[in-house]
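What follows is one structure encoded as structure tokens, with my remarks underneath.
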Amino acid sequence: MNKRKLYIIGLAIIDFFVVFLMFILSLVLITKDFGKINLNFIISVYVIASIKVTLAAVLKTYHMLWMYSIRRNLFKLVSIALLIDLAYFSVSFIPQVSEFTNISTSTFIVFMLMEFAYLVLSRFSLSIYFNYFYKRKEKEVVEPEEVFNTLIVGAGSAGAMVLNDIASKKEYGYKVVGFVDDSEDKIGQFISNVKIYGPISNINNLVKELEVKKIIIAIPSIGLAKLKEITNIIDYKNVSVEILPDRAKMLQSGIISSIRKVEIADLLGRQMIDVTDDSTASFYNNKVVLVTGGGGSIGSEICRQVAKMGPKQIIVLDIYENCAYEIQQELRMKYSFNLDLKVEIISITNRPALERVFEKYHPNIVIMAAAHKHVPLMENNVIEAVENNVFGTLNTVELAEKYNVDRVHMVSTDKAVNPTSVMGATKRICEMIVQSHSTKKQHTTFSATRFGNVLGSAGSVIPLFKKQIENGGPVTLTDYRIIRYFMTIPEASQLVLQSASMAKNGELFVLDMGKPVKIYDLARNLIKLSGFEPDVDIKIVETGLRPGEKLYEELLVKTEELDKTDNSLIFIERDTPLAIDVVNDMLDKLKEGIAEGSDSNMKDIIKSVVPTFKEKEEANKNFDGKEVK
């Protein structure tokens, strides 16, 4: 338990006992009769003190930062006490209740005065203590090597809190030289001797005039449209832009320590969400969960999310030992002995080794995240793509059936829809396998989730752009018209887990990825966030589409056929599964292609079993770069 939680609990306990004792003391002072303190009176006092402390806790009064907003917070606390006291005093006139309360008007007045004095003195003492404590800490702190003139965007309560926190923590190197706000009522006013400028559209002139090096956007409830508006105005040259998180994170981690740089995820046009709910958590609670590809970007995040839900055991299965080791160490450090975590280093193509895992652990749930995903590489390694993606999936599916796994859920991709790449076509075959096996009468149920690109995943465009920017450019873009759907890794992983938990059998879930993003705009924003001017400091160079690459991605095979779920971000595509015999015939053809050992012949076989597989030239010929509906 951290110091803040101990402080909150301690203050609540002190309040309870002080209120309890003041009730008794006020009765004795007025009546001078200790005999009045009977069991009924003690019970009534205990109840009223408990209600006050409980309500104060529910309304988060103990979480308040007393050094910042003492008057408003004290008013809230006194109001709670007054309302409950008046209610208590009112019901004390009821005959059935009066024998318990046993309190006169004069006793009640004395108690009210004592309680008010206690609340005022205790809370102002806390405020004085904390201010003294932080000022004392400030004196002990070594002065920072460099001080940054800082401009705070937003002259509201959050901005004032940031200013106060900065004043008490000089070691961070912030020096607030001004606020900037659009409110005409605030412009020209002062907060603690710091002037409020405006409007926000004038921010670049202020940066030059005040020699600003850091900008803090202190509007916790800021919407995406307003955030993009502000960040688009700012000239990032020689200035670092930071943002304040929501109030919950500020209270949990502290204000300055929770301030972070504006990231590309903030500018994608979609609100970051947490979709984990009690129903999803209960599905994974006390279950043995096997994650294939558990060391990868999505697989490791799935392991992180499952670890929060109290699983009986997590098995991380991956062929790459470094990635598996990293997630193992991370989860061990975070959960210590509270998480039963196992790591198995094998390939899903090694059926005997994979079967030993199923036999050893008997998983309840299998999340299939293992796959070769790099589009251009798979164009030149077609047989490997088929062996790993298709037959690795088949191995997992068949072993899950053999060992009576409850739920098998596959992680798919938007590249499986009308694929133009070998990778996308193999993932479409994987979907066919999963759906066809869902038609069998058996214990195991199957489902899959399809979604687009994830920010920062291994092999994605953003880490590449960042490295290119660090090296001075150029940033290489395959085509200025190219667009993609994006989602953060935690969001995608949570939606995959929620899809798996709500599946009945055979569903192909499709995630709402929001609006598609132009990669050219993504590149420009990354360059700006890095403090450079696009096409001046860092060039953007078009290199041409890579093998198998689409100008745009689709999420659905039949866009008009969608069923809703309880989650507004998850839909179900109504796609008729192929019969097992049909899929087995397809797999036989692919086995023959593997035996022949020719990548070009294998590509022809894939085209014969996936009719929607088209070469990129045909798929891209009518695309004009406009937003996909």
I want to confirm something. Restricting to the stretch 482-529 and keeping residues that are of a type in the set (G, A, S) and farther than 12 Å from I462 by Cβ, which single residue is surrounded by the most Cβ atoms within 10 Å (Cβ to Cβ)?
S499
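Would you mind stating whether K504 is assigned to a loop (DSSP other than H, G, I, E, B) and in contact with a Lys or Arg (Cβ under 8 Å, 6 or more places away or on another chain)? Let's see the steps before the verdict.
On the way: assigned to a loop (DSSP other than H, G, I, E, B): yes; in contact with a Lys or Arg (Cβ under 8 Å, 6 or more places away or on another chain): no.
In short, no.
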Tell me whether the stretch 426-439 contains one or more residues that are modelled with pLDDT under 90 and surrounded by fewer than 21 Cβ atoms within 10 Å (Cβ to Cβ).
no
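Pick out, from the stretch 383-488, the helices (runs of 4 or more DSSP H) lying fully within it that include 2 or more residues that are in contact (Cβ under 8 Å) with a residue 60 or more places away in the chain and more than 30 Å from T543 (Cβ to Cβ). Explain how you work it out, then say what you get.
Values: elements: 392-402, 422-437, 461-470.
Once the helices (runs of 4 or more DSSP H) in the stretch 383-488 are filtered for at least 2 residues that are in contact (Cβ under 8 Å) with a residue 60 or more places away in the chain and more than 30 Å from T543 (Cβ to Cβ), what remains is 392-402, 422-437.
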Got at least one residue in the stretch 304-311 being out of contact with any helix residue (DSSP H, G or I) (no Cβ under 7 Å at 6 or more places or on another chain), part of a helix (DSSP H, G or I), over 27 Å from H372 (Cβ atoms) and not basic (K, R)?
no
Does the stretch 371-380 include one or more residues that are assigned by TED's automatic domain parsing to the domain that holds A500 and in contact with a strand residue (DSSP E or B) (Cβ under 8 Å, 6 or more places away or on another chain)?
yes
Give the residues of the stretch 563-617 that are among the β-branched types (V, I, T), surrounded by fewer than 12 Cβ atoms within 10 Å (Cβ to Cβ) and part of a helix (DSSP H, G or I), sorted by residue number.
none
Being surrounded by 16 or more Cβ atoms within 10 Å (Cβ to Cβ), under 30 Å from N389 (Cα atoms) and modelled with pLDDT under 95 narrows Q305, Q313 down to just Q305
Could you figure out which of (1) outside the structural domain of F358 (by TED's automatic domain parsing); (2) at pLDDT 95 or above isn't true of N395?
(1)
Which one of these is at pLDDT below 85 and within 22 Å of P376 (Cα to Cα): V517, V536, V541, V510?
V517
Filter the stretch 190-214 for residues that are at negative phi and of a type in the set (S, T, N, Q) and give the result.
S201, N202, N204, N205
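Filter the stretch 143-155 for residues that are in contact with an Asp or Glu (Cβ under 8 Å, 6 or more places away or on another chain) and crowded, with 16+ Cβ neighbours inside 10 Å; which is farthest from N238 (Cα to Cα)? Before you say what the answer is, go through the steps one by one.
Filtering the stretch 143-155 for residues in contact with an Asp or Glu (Cβ under 8 Å, 6 or more places away or on another chain) gives 143-144, 149, 153-155.
Imposing the further condition that a residue be crowded, with 16+ Cβ neighbours inside 10 Å reduces the set to 149, 153-155.
Working: N149: 12, V153: 17, G154: 21, A155: 23 Å.
Per the criteria, the residue is A155.
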Taking the stretch 333-370 on its own, how many of its residues are of a type in the set (K, R) and in contact with a strand residue (DSSP E or B) (Cβ under 9 Å, 6 or more places away or on another chain)?
3
Any residue at all in the stretch 387-394 that's in contact with a Phe, Trp or Tyr (Cβ under 8 Å, 6 or more places away or on another chain), hydrophobic (A, V, I, L, M, F, W, C) and within 21 Å of G299 (Cα to Cα)?
no
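What about K169, is it of a type outside the set (D, E) and modelled with pLDDT under 85?
Details: of a type outside the set (D, E): yes; modelled with pLDDT under 85: yes.
Yes, satisfied.
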So, in the stretch 396-435, how many residues would count as being under 29 Å from the mean Cα position of the chain (by Cα) and of a type outside the set (A, V, I, L, M)?
12
Report, by residue number, each residue of the stretch 355-382 that is in a helix (DSSP H, G or I) and under 22 Å from G593 (Cα atoms).
V375, P376, L377, M378, E379, V382
Restricted to the stretch 219-235 and to residues being assigned to a helix (DSSP H, G or I) and among the polar types (S, T, N, Q), the residue surrounded by the most Cβ atoms within 10 Å (Cβ to Cβ) is T231
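The values are calculated or read from the model by the stated rules, or taken from the named source; none is laboratory data. Since this is a predicted model, take the numbers as computed values, not measurements. In this analysis, Cβ positions are derived from the backbone assuming ideal geometry, glycine residues included, and neighbour counts consider all displayed protein chains.
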